Amino acid sequence: MPAPKAIVFDLGQVLVELDLKPISTALKLVPTGSDNIAKLKSLESWKPFDDFERGLLDSETFYTESRNHFNLDLDERAFWTLWNTIIKAPLRESEAIVRTLFDRSIPLFILTNSNAVHFAFVQEMIPWLKRFDHLFSSHILGLRKPEIAIYQKVAESVGIPPSELLFIDDRKENIDGALESGWIAEWCPNAAKDLPRIMSQYRLS
């Protein structure tokens, strides 16, 4: 396949490892042993979380909502320390691929469902994210994947036709939303295995 004009990466589980076990255990979200996707979907079903990731709640209000709803005996500092355990570390194989792409002329973007606290934390943790042309987050856009409007807004912002944007995400529903919006999109449930294949498929390696 011909190389796209730009690549838009999801963040969690594509470039960065997530671990929802500590937060899901503390909040008693789902049965023990559930995978990360199940834990995340359980959290996403709670409206204040959805609002937080759309930028409709500030961090102080979200902390108060969380403390009251989940009956948490945590002060605000302890809560945010727990909250940030979701973001574990950059995926080494993905980082190596991205670093090779930095040396090419192809524009690189991030499109993530996130919130103000995680968005700031992950950029502090991973300085090379600053080398992307732009980082798009749901809490800034006021939209969340897989809503069609979020893909339309990103395509308009970068000034590249959707048919020339390659989107890579670990969640199938987000891939489906991108495809419906006219993007090129590749599902990447296992970054160590799938990302090299995708790079090769589009002659990017």
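The values are calculated or read from the model by the stated rules, or taken from the named source; none is laboratory data. Keep in mind that this is a model prediction, so the values were computed, not measured. Cβ atoms come from the backbone with ideal geometry, glycine included; neighbour counts cover every protein chain shown.
What to note about this one:
- Residue satisfying condition, being free of Cβ contacts under 8 Å to residues at least 12 places away in the same chain and within 14 Å of the chain's Cα centre (by Cα), within set A120, A116, A149: A120
- Criterion violated by S105 - all others in (1) at pLDDT 95 or above; (2) of a type in the set (S, T, Y); (3) within 27 Å of G182 (Cβ to Cβ) satisfied: (1)
- Scan of the stretch 153-169 for residues that are within 22 Å of S137 (Cβ to Cβ) and either exposed (fewer than 13 other Cβ atoms within 10 Å of the Cβ) or in contact with a Leu (Cβ under 9 Å, 6 or more places away or on another chain) (or both), ordered by number: K153, V154, A155, E156, S157, V158, G159, L166, F167, I168, D169
- Segments classed as helices (runs of 4 or more DSSP H), wholly inside the stretch 1-118, with at least 1 members that are surrounded by 14 or more Cβ atoms within 10 Å (Cβ to Cβ) and of a type in the set (V, I, T): 21-27, 36-44, 59-69, 92-102
- Some residue of the stretch 165-185 being in a helix (DSSP H, G or I) and in contact with a Ser or Thr (Cβ under 7 Å, 6 or more places away or on another chain): no
- Unique residue being closer than 19 Å to K41 by Cβ and surrounded by fewer than 18 Cβ atoms within 10 Å (Cβ to Cβ) when the list is K172, K193: K172
- Flag: E156 matches the condition of being over 18 Å from the mean Cα position of the chain (by Cα), among the acidic types (D, E) and assigned to a helix (DSSP H, G or I).
- Exactly one residue out of E65, E95, E44, E53 is of a type outside the set (F, W, Y), out of contact with any Gly (no Cβ under 9 Å at 6 or more places or on another chain), closer than 18 Å to L141 by Cβ and touching a residue at least 12 places away in the same chain (Cβ under 8 Å): that is E53.
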